[in-house]
Amino acid sequence: QVTLKESGPALVNPTQTLTLTCTLSGFSLSTSGMRVSWIRQAPGKAPEWLARIDWDENKFYNTSLKTRLTISKDTSKNQVVLTMTNVDPVDTATYYCARTVGVNSHPHHDFWGQGTLVTVSS
Amino acid sequence: DIQMTQSPSTLSASVGDRVTITCRASQTISSWLAWYQQKSGKAPELLIYQASTLQSGVPSRFSGSGSGTEFTLTISSVQPDDFATYYCQQYNVYWTFGQGTKVEIK
């Protein structure tokens, strides 16, 4: 079955770079049409989409965070990595990865990982 | 950016009630709308996509309708497992979520 699992540090100091990994199971990002997104949710807030990477290496970023984010994939490990530079306490959130599928021009998120809580604090 | 506005923010219901949640988009999004259910401490789960298509495995008491800028999620007869927070999400231009509607036990 399709599963995604996020991993990364639980605590990060302000100004540091955050690196998160999403490990995929039950599907491959080398398969045509497959995509994976990162989404975060601050405590008590609505989710916020961050970035997406496609099977063909196309990448998309949230406009307001674009300068701080990099998404990449390691097909051999079936993993997707998100880096966020210069983190701030406002980046404290649960970070999710989600499989993104459907119509090429308008894909949606069907399966989500369990999430990993990241706290930014000194 | 496309803004999504849900109403109400909180809704109190009894088991067996019919429940309707509304979501409005700041500009037309055709039918590119999804609904998610989120329980405390868990990831959102997809209920409906393309405004009215039920995700596999989701009970038929959930239904979605609408197009353009106005959408609704209906639970025909609320069950104990349905008390949760519900989010709409547009995916016409990137992805943005509504602020959520918490369905509470009356």
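The values are calculated or read from the model by the stated rules, or taken from the named source; none is laboratory data. Given the structure is predicted, the values throughout are model-derived calculations rather than measurements. Ideal geometry is used to build each Cβ from the backbone, glycine not excepted, and the neighbour counts take in all protein chains shown. Surface accessibility is based on the protein's heavy atoms, side chains included, excluding ligands, DNA and RNA. Shrake-Rupley method; radii C 1.70, N 1.55, O 1.52, S 1.80 Å.
Give the residue that is surrounded by the fewest Cβ atoms within 10 Å (Cβ to Cβ), with candidates limited to residues of the range B:52-68 that are away from every other protein chain (no Cβ under 13 Å) and over 11 Å from the mean Cα position of the chain (by Cα). Within the range B:52-68, the match that is surrounded by the fewest Cβ atoms within 10 Å (Cβ to Cβ) is B:Ser60. Considering only residues in the range B:1-37 that are polar (S, T, N, Q) and open to solvent by less than 50 Å² (accessible area, probe 1.4 Å), the one that is farthest from the other protein chains (Cβ to nearest Cβ) turns out to be B:Ser14. If you check A:Leu24, A:Leu50, A:Leu29, A:Leu82 for being touching a Ser or Thr at 6+ places or on another chain (Cβ under 7 Å), surrounded by 12 or more Cβ atoms within 10 Å (Cβ to Cβ) and among the hydrophobic types (A, V, I, L, M, F, W, C), only one passes: A:Leu29.
Note on chain B: enclosed strands (runs of 3 or more DSSP E) holding 3 or more residues that are of a type in the set (A, V, I, L, M, F, W, C) are B:19-25, B:33-38, B:45-49, B:70-75.
For the range A:66-122, the set of residues classified as assigned to a strand (DSSP E or B), under 15 Å from A:Asp56 (Cα atoms) and of a type in the set (Ser, Thr, Tyr) consists of A:Ser72, A:Thr100, listed by residue number. The condition of being away from chain B (no Cβ under 11 Å), of a type outside the set (A, V, I, L, M) and surrounded by 20 or more Cβ atoms within 10 Å (Cβ to Cβ) holds for only one of A:Lys77, A:Lys73, that being A:Lys73. Checked against the criterion of being at pLDDT 95 or above, crowded, with 19+ Cβ neighbours inside 10 Å and either out of contact with any Phe, Trp or Tyr (no Cβ under 6 Å at 6 or more places or on another chain) or away from chain A (no Cβ under 13 Å) (or both), the candidates B:Phe71, B:Phe97 yield just one match: B:Phe71.
Filter the range A:88-107 for residues that are more than 21 Å from A:Ser30 (Cβ to Cβ) and either touching a Ser or Thr at 6+ places or on another chain (Cβ under 7 Å) or within 14 Å of another protein chain (Cβ to nearest Cβ) (or both); which is surrounded by the fewest Cβ atoms within 10 Å (Cβ to Cβ)? Per the stated criteria, the residue is A:Ser105.
Based on this model, can you work out whether B:Ser40 counts as more than 10 Å from chain A (Cβ to nearest Cβ), small (Gly, Ala, Ser) and surrounded by 14 or more Cβ atoms within 10 Å (Cβ to Cβ)? Spelling it out, it is not the case that B:Ser40 is more than 10 Å from chain A (Cβ to nearest Cβ), small (Gly, Ala, Ser) and surrounded by 14 or more Cβ atoms within 10 Å (Cβ to Cβ). Of all the residues in the range A:39-55, those that are over 14 Å from A:Pro107 (Cα atoms), assigned to a strand (DSSP E or B) and more than 9 Å from chain B (Cβ to nearest Cβ) number 2. Only residues that are over 26 Å from A:Val101 (Cβ atoms) and open to solvent by 70 Å² or more (accessible area, probe 1.4 Å) were counted across the range A:1-12, and they come to 1. Restricting to the range B:81-106, count the residues that are hydrophobic (A, V, I, L, M, F, W, C) and farther than 22 Å from A:His106 by Cβ. Final tally of qualifying residues: 4.
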